[in-house]
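Got a structure here, written out as structure tokens. Questions coming.
The values are calculated or read from the model by the stated rules, or taken from the named source; none is laboratory data. Model, not experiment: these values are computed from the prediction. We place every Cβ from the backbone using ideal geometry, glycine too, and count neighbours over all the protein chains shown.
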Amino acid sequence: EKLVSAEELWRMPEPADGLRYEIFEGELIQMTPAGGRHGGITLAVGKVLLTFVGEKGLGHVVSNDTGVFMEKDPDTVLAPDLAYWSRQRLAELPEGFVEVPPDLAVEVISPGDWQSYVHRKVLHYLDHGVALVWVVDPKTRTVTVYRSRQDVRILAETEEITGADVLPGFSCSVGEFFR
């Protein structure tokens, strides 16, 4: 099977069916459109992050239409539901794919997601310089926080989530993501 490059993905016409794509190690992965709950939760998490990052002037928060070029040959371009870059890591957002791994990647699990693919993405993020990954699960109303392959914590909605050293001073109740 032919491997797809980041450049080919960038040049693809906007699909009429509204589907989006990622490339994982050269393989084109079709992302099913997310449901309403997924969109609402993604926006809630994004609002909390954007407010904190904006007030402190820390950097950039983007939503899930943003491709992040993670690896070359074979190419991997992922689109986390939300991502944050500190100004030190990324001075400004480029026109095309972002070629710097984010400081924080957030994935909100949607009914169409295969657990195994989300898990592969998390490991890829961690192995390619992303310091903090949050996997938000609407079904269980939990957030799994990954600092590394070994440092993994599951937080219930009654617990506090922090930005650790990636977003110093950030903290909120996990429940805020599910309002």
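Which one of Pro94, Pro80 is under 19 Å from Ala6 (Cα atoms), over 14 Å from the mean Cα position of the chain (by Cα) and modelled with pLDDT of 95 or more?
Working: Pro80 fails: over 14 Å from the mean Cα position of the chain (by Cα).
Selected residue: Pro94, the only one of Pro94, Pro80 that is under 19 Å from Ala6 (Cα atoms), over 14 Å from the mean Cα position of the chain (by Cα) and modelled with pLDDT of 95 or more.
I'd like to know if the range 5-18 contains one or more residues that are free of Cβ contacts under 8 Å to residues at least 24 places away in the same chain and under 16 Å from the mean Cα position of the chain (by Cα).
Checked against the condition, which is being free of Cβ contacts under 8 Å to residues at least 24 places away in the same chain and under 16 Å from the mean Cα position of the chain (by Cα), the range 5-18 yields no hits at all.
Quick one: is Leu49 surrounded by 14 or more Cβ atoms within 10 Å (Cβ to Cβ) and either more than 20 Å from Pro102 (Cα to Cα) or among the charged types (D, E, K, R) (or both)? Outline the logic, then answer.
Values: surrounded by 14 or more Cβ atoms within 10 Å (Cβ to Cβ): yes; either more than 20 Å from Pro102 (Cα to Cα) or among the charged types (D, E, K, R) (or both): no.
No, not satisfied.
How many residues, within the range 146-166, are over 21 Å from Gly40 (Cβ atoms) and in contact with a Leu (Cβ under 7 Å, 6 or more places away or on another chain)?
6
Does the range 151-159 include one or more residues that are surrounded by fewer than 19 Cβ atoms within 10 Å (Cβ to Cβ) and under 30 Å from Lys72 (Cβ atoms)?
For the range 151-159, residues surrounded by fewer than 19 Cβ atoms within 10 Å (Cβ to Cβ) and under 30 Å from Lys72 (Cβ atoms): present.
Please state which of the following conditions Asp75 fails to meet, knowing it meets all the rest: (1) touching a residue at least 24 places away in the same chain (Cβ under 8 Å); (2) within 17 Å of the chain's Cα centre (by Cα).
The one condition Asp75 does not meet is (2).
Restricting to the range 19-47, name every residue that is under 15 Å from the mean Cα position of the chain (by Cα) and of a type in the set (A, V, I, L, M).
As a first pass, look at the range 19-47 and keep what is under 15 Å from the mean Cα position of the chain (by Cα): 20-24, 31, 34, 38-39, 41-47.
Passing the criteria: Ile23, Met31, Ala34, Ile41, Leu43, Ala44, Val45.
Would you mind telling me which numbered condition in (1) in a strand (DSSP E or B); (2) under 17 Å from the mean Cα position of the chain (by Cα); (3) without any contact (Cβ under 8 Å) to a residue 40 or more places away in the chain Val118 fails?
The one condition Val118 does not meet is (1).
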